[in-house]
Amino acid sequence: MRYAIYFTPRQDEPLARIAANWLGRDPFGAATRPVEAVGELSAAEVAFHTASARRYGFHATLKAPFRLAPNETEASLRAALVDFAEAAPPVVIPRLVVGQIDGFFALVPEAPFAPLNSFADEVVRAFDRFRAPLTEAEIERRSPDSLKPDEFRNLCQWGYPYVFETFRFHMTLSGRVGPQESPRLRAAIDSLFAEVLQHPVPVDALTLFVETEPGAPFMVLSHHELGRRPARKTA
């Protein structure tokens, strides 16, 4: 069993609904749904290009999937999430745009946004004590020979290559796409997300995802709104 701390919009938000329809799955407990044709892409093509992203659900990684440390439990992790979320103020991304990272399409900030990076850094540090160290096999699955020195150092120290100076906020929408197919896929994604991406995106919650067994789809376990510390009772 692995856990992950992601950002994802609430299930009823337009961005979440559009992404769930595109990927063919809602990680908030809903079953896989048939994907539909979009633009020039057939339903079969959409299903093919979204297959790898579908298993993880629509999200941005803050604390990458990890096994629990031996001295921690799911209950202790959720309690820490409650405390962290209550004390952390939301961060509002001025605008997300469609981008391509290492061949796959994702929603990314239009411009570098320091408050978002600082928030991600805090999440990585705060929850690292819950992460069991990577095994040699887990390190090998990350193809360490292909990583840059700082990425490999992050992998060994923090369990994920892309944190701190190498962090890239992204909400994945596809698997890797070759140059011949990229224009058609981008056009389809642009047409689907164009209207909703005209609005700022508040990072206003942390969501705990769980993978119940290797290869299982990641599902939402709990959703924690930021900055909702209860008022203290007074006599």
Query - Prolate/oblate/rounded label for region 60-168 (Cα gyration tensor, a/c 1.5) - result: oblate
Report task. With a cut-off of at most 15 other beta carbons within 10 Å, and DSSP calling the residue loop, which GluC sites (Glu not before Pro) in region 149-198 qualify? Please list them. Result -> Glu181, Glu195
Query raised in the report: In terms of modelled amide H atoms, which long-range or inter-chain residues lie less than 5 Å from the amide H of Val203?
Result: Val91, Val92, Ile93
Query raised in the report: Which residue, chosen from Pro144, Ser191, Val163, occupies the Cα position most advanced towards the positive end of the dipole of the chain, where the dipole is computed from +1 (Lys, Arg) and -1 (Asp, Glu) charges on Cβ about the Cα centre?
Result: Val163
Report task. Select from Thr73, Leu107, Phe119 the residue farthest towards the positive end of the dipole of region 1-131; place +1 on Cβ of Lys and Arg, -1 on Cβ of Asp and Glu, and compute about the Cα centre. Result -> Thr73
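How would you classify region 126-235 from its alpha-carbon gyration tensor, with a ≥ b ≥ c the square roots of the eigenvalues: rounded for a/c under 1.5, else prolate if a/b is greater than b/c, otherwise oblate?
oblate
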Query - Per-residue ³J(HN,Hα) for region 68-83, Karplus 6.51 cos²θ - 1.76 cosθ + 1.60, θ = phi - 60°, Hz, x for Gly and Pro - result: 5, 4, x, 8, 10, 10, 4, 5, 5, 5, 5, 5, 5, 5, 4, 5
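State in Å² the accessible area per residue of the chain; use a 1.4 Å probe, count heavy atoms of protein chains only, and round to the nearest integer.
Per-residue value: 51 Å².
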Query raised in the report: By the gyration tensor of its Cα atoms, with a ≥ b ≥ c the square roots of the eigenvalues, what is the shape of region 87-139: rounded for a/c under 1.5, prolate for a/b over b/c, or oblate?
Result: oblate
Query raised in the report: For region 65-108 and region 1-55, what is the separation of their C-alpha centers, rounded to whole Å?
Result: 18 Å
Query raised in the report: What's the longest bit of the chain with no exposed trypsin sites (Lys or Arg not before Pro), using DSSP loop states and at most 10 other Cβ atoms within 10 Å as the test?
Result: 1-231
Report task. Would you pull out the residues with amide H under 5 Å of Leu221's amide H, same chain only if 5 or more places away, H placed 1.01 Å from N? Result -> Leu208, Phe209, Val210
**Report entry** Reported label for calculated Cα extents along the principal axes in Å given (i) 75, 43, 37; (ii) 61, 50, 35; (iii) 66, 44, 32
**Finding:** (ii)
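The values are calculated or read from the model by the stated rules, or taken from the named source; none is laboratory data. The structure presented is a predicted model; accordingly, all values stated were derived computationally and were not measured. Cβ coordinates were reconstructed from backbone atoms using ideal geometry, including for glycine residues, and neighbour counts include every protein chain displayed. To get the accessible areas, we keep the full protein, side chains included, count just its heavy atoms, and leave off ligands, DNA and RNA. Shrake-Rupley method; radii C 1.70, N 1.55, O 1.52, S 1.80 Å.
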